[in-house]
Amino acid sequence: MRIDRPAELGERAARAIDRQDWLAPVEDTLQEAIGAAYRAGGAVGQRVKDFLHGTWLGHPLHPVLTDVPIGAWTTALVFDVLDRSRRHGWWTRRALQRRADDAITVGVVGAVGAALAGITDWQHTRGGARRTGLAHAALNTVALACYGGSLALRARGARAEGRSLAYAGYAVLLASAYLGGRLVYHHRVGVDHAERDAAPAEFARALRDAELPEGQHRRVEVAGVAVLLVRRAGRVHALGERCSHMGGPLAEGEVWDDSVVCPWHGSRFALEDGRVLGGPATMPQPCFETRVRNGWIEVRRAADALAAA
Ligand code: FES
């Protein structure tokens, strides 16, 4: 078998991972265990879960945290290489070694945080994304073990062996980073799934007013965009119907007080402005202005969305 390009190698590896169907029971068990752990924590567990998803940040937290181990372990690699070379610049050898050790320690702490955020996001994945995410987590665990072992060896004075283990960990980290990129760019994990820019700028008819009784919600299409209409306390609210988390159908969810709950993973969005009230979603739903004219409910993009456009 001849492989011409690194991209082809990555693609073949990713497809091979996808084919490992024997992992499905493991994935089911792990996802159920993660979900059960958060549920057992009640309201506190939900807050921790939302924090690790990045609901408070308006962006997934995991990719932010992964920069810590990648940056720190790259720094350690540079100091290790300098330590091995004859050119130390203005640093003493001992100073280089201390900085490499410190960078590895920072990376280990960051990797633990990134892992917690990563498995929290992973519990909601399915299909190829779930399989790729599991492989990504396994490689990260190996990288973390290499760096932990490297620190232990360095502490015992076995610096050369510690450096070798760190180099191995870095190689595993690069392979894992490839899979992390594939999760985002191929499987679209962590990206915004809401239809945000296509809604009409001018009011357009969505539904006959009589077809949306008080307390009801309906899915309609306006200019090719799926919109959720909710009539509550005499007021008509309109949000993007496709959930920003993974595209779940909000019209099949429940309306609770002044919010709608996604039927797929339970994200909760305010009817008033689409903001996230509960994760795993991190990005708000598109919100539309509504009015009733000549017996029709009409919608258009909200004024702030138009201003941003
Ligand atoms: S698709 Fe996951 S919460 Fe809506």
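What follows draws every value from the coordinates through simple rules; no lab data is involved. Here the structure is a predicted model, which is why all the values come from computation and not from measurement. We place every Cβ from the backbone using ideal geometry, glycine too, and count neighbours over all the protein chains shown.
Could you derive backbone 3J(HN,Hα) for the range 272-277 from the dihedral phi with the Karplus parameters 6.51, -1.76 and 1.60 (θ = phi - 60°), listing whole Hz in sequence and x where the residue is Gly or Pro?
Each residue of the range 272-277 in turn: 4, 9, x, 5, 7, 9 Hz.
Would you mind working out the magnitude of the charge dipole of the range 6-185 relative to its Cα centre, with +1 at each Lys and Arg C-beta and -1 at each Asp and Glu C-beta, to the nearest 20 Debye?
720
How many angstrom lie between the Cα centre of the range 1-58 and the Cα centre of the range 234-308?
27
Which Cα, out of T74, Q123, V109, lies furthest along the positive dipole direction of the range 74-124 (beta carbon charges, K/R +1, D/E -1)?
About the Cα centre, the residue reaching furthest to the positive side is T74.
Evaluate the charge dipole of the chain about its Cα centre and quote only its size in Debye, nearest 20, assuming +1 on the Cβ of each Lys and Arg and -1 on the Cβ of each Asp and Glu. Before the final figure, lay out each step's value.
Details: 39 positive and 34 negative charges, 269 e Å.
Once rounded to the nearest 20, the dipole reads 1300 debye.
Which ³J(HN,Hα) values, rounded to whole Hz and listed in residue order, are derived for the range 192-207 from phi using the Karplus coefficients 6.51, -1.76 and 1.60 in 6.51 cos²θ - 1.76 cosθ + 1.60 with θ = phi - 60°, glycine and proline given as x?
Listing the rounded values in order: 6, 9, 6, 8, 9, 10, 8, 5, x, 7, 9, 4, 10, 5, 10, 6 Hz.
Evaluate the range 214-309: find the radius of gyration of its Cα atoms, find its Kirkwood radius, and give the ratio Rg to Rh.
So for the range 214-309, dividing Rg by the Kirkwood Rh gives 0.94.
Taking H placed 1.01 Å from N in the peptide plane, check which residues at least 5 places from I297 or on another chain put their amide H under 5 Å from its amide H.
Under 5 Å from the amide H of I297: A206, L207, R208, D209.
A114: net charge of surrounding residues, Cβ under 13 Å, Lys/Arg +1, Asp/Glu -1, itself excluded? All intermediate terms of the calculation are to be shown ahead of the outcome.
Numbers: positive: none; negative: D67, D121.
It works out to a net charge of -2.
May I ask for log10 I(q)/I(0) of the range 6-185 at q = 0.10, 0.14, 0.15 Å⁻¹, from a Debye sum over the Cα atoms as equal point scatterers with solvent left out?
Debye output, listed in q order: -0.47, -0.83, -0.92.
Mind pulling the angle between the C-alpha long axis of helix 159-185 and the longest principal axis of the chain? Nearest 10 degrees, somewhere in 0 to 90.
Approximately 20 degrees, to the nearest ten.
Which far-off residues, 5 or more places away or on another chain, put their amide H under 5 Å from the one on L277, with H placed in the peptide plane?
R268, F269, A270
Percent of Cα-Cα pairs more than 30 Å apart in the chain, please.
Considering the chain, 48 percent of its Cα-Cα pairs are separated by more than 30 Å.
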